[in-house]
Amino acid sequence: MGLHAEIVPQRRLFIDGDWVQPRQGKRIPIVNPTTEESVGDIPAATSEDVYAAVKAAKEALHRNNGKDWSKATGKHRATYLRAIAKRVAERKDELAKLESIDCGKPLDEAAWDMDDVSGCFEYYADLAEKLDERQYAPLELPMEQFKCNILRQPVGVVALITPWNYPLLMATWKVAPALAAGCTAILKPSEIASVTCLELASIAKEVGLPNGVLNVITGYGQEAGAPLASHQDVNKVAFTGSTDTGRSIMSAASQLIKPVTLELGGKSPIIVFEDADIDKAVEWAMFGAFWTNGQICSATSRLLLQESIADEFLKKIASWASSIKVSDPLEKDCRLGPLVSENQYKKVKEFVRVAQEEGATLVCGGKRPDHLSKGYFLAPTVLSNVKRDMQIWAEEVFGPVLAVSTFKTEEEAVLMANDTQYGLGGAVISKDDERCKRVSEALECGIVWINCSQPCFCQAPWGGNKRSGFGRELGEWGLENYLTVKQITRYISNDDWGWYPKPSKL
Ligand code: NAD
């Protein structure tokens, strides 16, 4: 067992409020991507465990006629969400450290994630309380004999399947609104980074969340994720991950006409116009590509530079990117850690190799920094002279790799930005407000940043268009994902309806 093994808790699956051994007794090693050593293991659930978790969630939904959870007031459920938020805040340092060890993100970023996790539970506690006031909202109808009210009810048992790049935060984006809405949930985090999600289970137990309301089952996609997504008692699947997995989840769900929300991959553009403040633009371009070790769905990994500033910009970004602190994510002021796994490391290096083979120029990076002898580290990498038919321009890399191309006019920039199968995010950097507005409207995506890239707030909707998926998480939209809307229409007139003439002898 490697360094830090002593601080990684040994956990079982969390089903029906209890820690249970996976039925087949299998476990998956946790590999610290900095040291390439195992620091523990997580349970590997299989279909038998999935069935137990779904059964527990279904029972929790209906226990005490639903009065314990699904039909309780939002205010009641909010007390649990606030208790979870508080406990996450109290355990922030420890959870952040676990996250860094498990997935390699710099400790400062992981600490920020924990603030966001806690903030997100608080935010949905507020929305749960407000939900009570919105129940039975009256709806105006064109016929006065009728009165209509709108009731919002939980969709039921939900499967929440999440990726490894923001292990606890991506889980929270789903767990918090699902519980606020009154759903009961089965969370299936990524087998590559599940440690903090199991700690969320321990927090749920600690704060006394009713049994079965949140179940956490760790395991492989095929063995645990697939039977969960296709289970007939799961009323909805909320998924964040790759486009390929999204496709198979959607096709499994379609067999049961089961709703899904899909937050998938991206290849988002950042457009820098010649009137931009170059230093500021360089920093945002780096943040957009290297934050989260470049493993972020919304990374603005395609940089479009207006021709007149390209040379100056590339010189600056080469020297600035080369000075970024790449180190063990637990080291003070680390700004770039290792990629999450050996597989991911190989995949990203292959993207860089193919890009060069196809004619792109390596401006900086492209290999493990010389001062590091092991770990899945890749120095911040910038590739210029990228053409629109190259793989590096079209496909999601999910690593600290920025592909750069140039444009002459605004029209050309928008065309190039939208020439992608994805549609998650986009950024525009310019001092001209009118231009920023025009470009924001023209970008075919769900999130636009002006004069920045990546900041994300739980109050604002998050999600994409095209092959980046559909549905929106966060904000009010996040809560609506887990609610079903019911109209209740009442006949209030004392008069007979009078459509069928009464038979004369009635
Ligand atoms: P992935 O698709 O490999 O795995 C995501 C989750 O799906 C994991 O929990 C995995 O075990 C599970 N899974 C795999 N196969 C499954 C199946 N057949 N049925 C059910 N579940 C299955 O993705 P990843 O490698 O963990 O994450 C990286 C991807 O996630 C990238 O493409 C990235 O763009 C995307 N992502 C998107 C967002 C967003 O908000 N749009 C956010 C983060 C990551």
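The values are calculated or read from the model by the stated rules, or taken from the named source; none is laboratory data. Please read all numbers here as calculations on a predicted model, not as lab measurements. Cβ atoms come from the backbone with ideal geometry, glycine included; neighbour counts cover every protein chain shown. Quick note on the areas: whole protein, heavy atoms, side chains included, nothing else; ligands and nucleic acids left out. Shrake-Rupley method; radii C 1.70, N 1.55, O 1.52, S 1.80 Å.
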- Query: Could you give the angle, 0 to 90 degrees to the nearest 10, between helix 433-442's Cα long axis and the longest principal axis of the Cα atoms of the chain?
  - Reply: 60
- Restricting to lysines and to Cα separations under 16 Å from Lys349, and discarding same-chain partners fewer than 8 apart, the set is Lys367, Lys374
- Item | Percent carbon-and-sulfur accessible area, region 24-142, ignoring ligands, DNA and RNA, probe 1.4 Å | 52
- Ignoring everything but the protein chains, give the 1.4 Å probe accessible area of Glu36 in square angstrom, nearest 10. 80
- Helix 107-134 sits off the longest principal axis of the Cα atoms of the chain, rounded to the nearest 10 on a 0 to 90 degree scale, by 20
- Debye, to nearest 20: dipole size of region 134-192, +1 on Lys, Arg Cβ, -1 on Asp, Glu Cβ: 100
- Query: To the nearest 10 degrees, how steep is helix 278-290 against the longest Cα principal axis of the chain, on a 0 to 90 scale?
  - Reply: 60
- Note on the structure: Looking only at lysines whose Cα falls under 24 Å of Lys67's and that sit 8 or more positions away or on another chain, we get Lys55, Lys58, Lys75, Lys130, Lys174, Lys205, Lys236, Lys486
- Just the number, please: carbon plus sulfur as a percent of the accessible area of region 179-233, 1.4 Å probe, no ligands or DNA/RNA counted. 44
- Note on the structure: Heavy-atom accessible area of Thr196, protein chains in place, probe 1.4 angstrom, given in Å² to nearest 10, is 0
- Value at 222 nm in deg cm²/dmol, rounded to 500, when DSSP H runs of n ≥ 4 in the chain each add -39,500 (n - 2.57): -11500 deg cm²/dmol
- Query: Percent antiparallel among DSSP beta bridges with both residues in the chain, to the nearest 5?
  - Reply: 45
- Starting at 0 and stepping by 5 Å, how many percent of the alpha carbon pairs of region 1-131 end up in each bin? 2, 10, 13, 13, 17, 18, 15, 8, 3, 1, 0
- Item | Per residue accessible area in Å² of the chain, where ligands, DNA and RNA are left out and the probe is 1.4 Å | 43
- Item | Cβ-based net charge around Ala60, under 10 Å, with every Lys or Arg adding one and every Asp or Glu removing one | 0
- With θ set to phi - 60° and the Karplus curve 6.51 cos²θ - 1.76 cosθ + 1.60, what are the ³J(HN,Hα) couplings of region 309-319 in order, to the nearest whole Hz, using x for Gly and Pro? 10, 4, 4, 4, 4, 5, 4, 5, 5, 4, 6
- Query: Carbon and sulfur atoms: what percent of the 1.4 Å accessible area of region 269-450 do they account for?
  - Reply: 48
- Item | Largest-first ordering by accessible area, 1.4 Å probe, given options Trp291, Trp284, Trp449 | Trp284, Trp291, Trp449
